[in-house]
Amino acid sequence: MDKFVINGGSRLKGGVRINGSKNAALPIMAAALMAEGAVAIQDVPDLADIKHLSDLLGELGMDATRSDGRLDLKVRDESNSHARYDLVRKMRASICVLGPLLARRGKARVAMPGGCAIGSRPVDLHIRGLKALGAHIELDSGDIVATAKRLKGAEIFLGGPFGSTVLGTANVMMAACLAEGKTVIESAACEPELTDLAEFLNEMGAKITGAGTPRVAIEGVKKLAGRPHRLIPDRIEAGTFIMAGAITNGEITIANVRLDHLMAVADKLREVGVMVEPAGQGVVVSCARRLEPTDVTTQPYPGFPTDLQAQLMAILCLADGNSIVTDKIFPDRFMHVAELLRMGATIHKEGATAIITGIRRLIGAPVMASDLRASAALVLAGLVAKGTTTVARVYHIDRGYDRIEQRLAALGADIKRVNDSDAAKAASE
Ligand code: EPZ
């Protein structure tokens, strides 16, 4: 398994370009299951998660061929609608094939995804929404088995105990596109990735209004025709690079950023003393002083995103005072705390809240990646820590960031990827 070896202390300088959004790409790839004809998605990032879903779609009868940033998708065979546990367990987002398979083929067997490092990942809202459209759904040996002759439009409340559901909204919205009549989703998730999905579905002939708001209406149509689509930029990757510029007191220009998708993040960073300003199709980030502490609570979009909670915590470890971080979306999403403590941070976790007492320096140490975004937080901490930090199990990072170590190194970071045998050899020399 690969590790990152980081020597802290470099201030990041220069420019970087943000890739297309992973979390827009995944449901859009699944939506291609409903298309008659070819689909071409542009600016698709080269990530393990994209590869995993491509492999699953291949088993479901779809050819997926990648050339540079373009992904060409075409359904060749609709006879297999079983998304096997062995594939689904590798990536929870695979659940987003459920709605398209049910709507297009009238049946689906999709393994329950199970939990992951950030918490138990229930899908009860997905099931509730699809049942409201008339699907018959039962559980059989860990699989969701869904059938429906023809789905019928309905008024559906999709809110759960933690607010809206992103992929639950995606599943119900996609299924409703081919249902008979009108569907209204109340308490829909408003994330930009869903707006991008709705735009793609409408390009294919769907009739969706209200995407990006809590109330989405879908008029069912008979078919959807394959179309090209360019993905929105990845706001979480952008937020991660913005925070890399901030934590190193650097000055970087980040291209291909939709700052309007990052209002809560830019607002919070400006509050603590980071300069984040629009520059053409991107932003300029600079930070020349010690940051102020702050309090932050993650919320569904447009609130502060849970996917940037760990990265912000890394910054707040060095703030001039006490900060409070609460994750209302995933109350257990604090795997990064124990690793930051190994680097000398002062953090006290109490339920879904962490209290961070700012210190002057983090100290490099061997740490362990656990989930995609916690791992990114450890890289940020390593960029600024005194001495050497090794981050193990970087396959977690490769799921959501394309060659992050090369792109950070191009900004002046002292970071390189080694595999375990190289690391052992280097250590023995
Ligand atoms: C999406 O996951 C993202 N993944 C996650 O990003 C992100 O953290 C999450 O939304 C929240 O913004 C993709 O888009 C591929 P949810 P999703 O359903 O849709 C509860 C990353 O780093 N819930 O919006 O699976 C759930 O437990 C990933 O790229 C139910 O209770 O998340 C959570 O507390 C990690 N019942 C809350 O809702 C359900 O049926 C939000 O989950 C579904 C969800």
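The figures follow:
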read-out	value
Estimated FRET transfer efficiency (residue 121, residue 215; beta-carbon r; R0 25 Å; 0.05)	0.50
For residue 179, residues with placed amide H under 5 Å, excluding near neighbours	221
In degrees, nearest ten, helix 235-247 long axis to first principal axis of the chain (Cα)	10
Extension gain, residue 79 back to residue 290 (0.36 nm per residue minus Cα-Cα distance, nm)	70.0 nm
Mean Cβ count within 10 Å, highest first, over the residues of peptides 38-48, 358-368, 343-353	38-48, 358-368, 343-353
Segments 255-267, 383-395 sorted - mean Cβ within 10 Å per residue, highest first	383-395, 255-267
Counted charge near residue 288, where neighbours are those whose Cβ lies closer than 13 Å (Asp, Glu -1; Lys, Arg +1)	+3
Tilt relative to the chain, helix 372-384 - C-alpha long axis, 0 to 90 degrees, to 10	20
Full-stretch length increase - residue 66, residue 338 - with 0.36 nm per residue and alpha-carbon distance subtracted	94.1 nm
Antiparallel %, DSSP beta bridges [both residues in the chain], to 5	70
Long-range Cα-Cα pairs in region 22-230 (distance over 29 Å), rounded percent	14
Mean residue ellipticity (222 nm) of the chain, computed from DSSP H runs ≥ 4 via -39,500 (n - 2.57), nearest 500	-9000 deg cm²/dmol
Alpha-carbon centroids, region 260-293 and region 7-58: separation in whole Å	25
FRET E, pair residue 40, residue 324, Förster distance 45 Å, beta-carbon r, rounded to 0.05	0.50
Nearest-0.05 FRET efficiency for residue 406 and residue 260, computed from C-beta distance (R0 30 Å)	0.60
Simple Cβ-charge dipole of region 264-376, Lys/Arg +1 and Asp/Glu -1, about Cα centre, in debye nearest 20	300
Peptide ranges 138-146, 232-240 listed from the most packed, as the mean C-beta count within 10 angstrom indicates	232-240, 138-146
Alpha-carbon centroids, region 142-172 and region 108-130: separation in whole Å	11
Neighbourhood charge, 13 Å Cβ-Cβ cut-off, centred on residue 255 and excluding it, Lys, Arg +1 and Asp, Glu -1	0
Diffusion coefficient, µm² s⁻¹, Stokes-Einstein with Kirkwood Rh over alpha-carbon pairs of the chain at 10 °C and 1.306 mPa s	72
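No lab work stands behind these numbers, since they all come straight from the coordinates. If you're wondering where the values come from, they're calculated on a predicted model, not measured in any experiment. Note: ideal-geometry Cβ built from the backbone for every residue, glycine included; neighbour counts use all protein chains shown.
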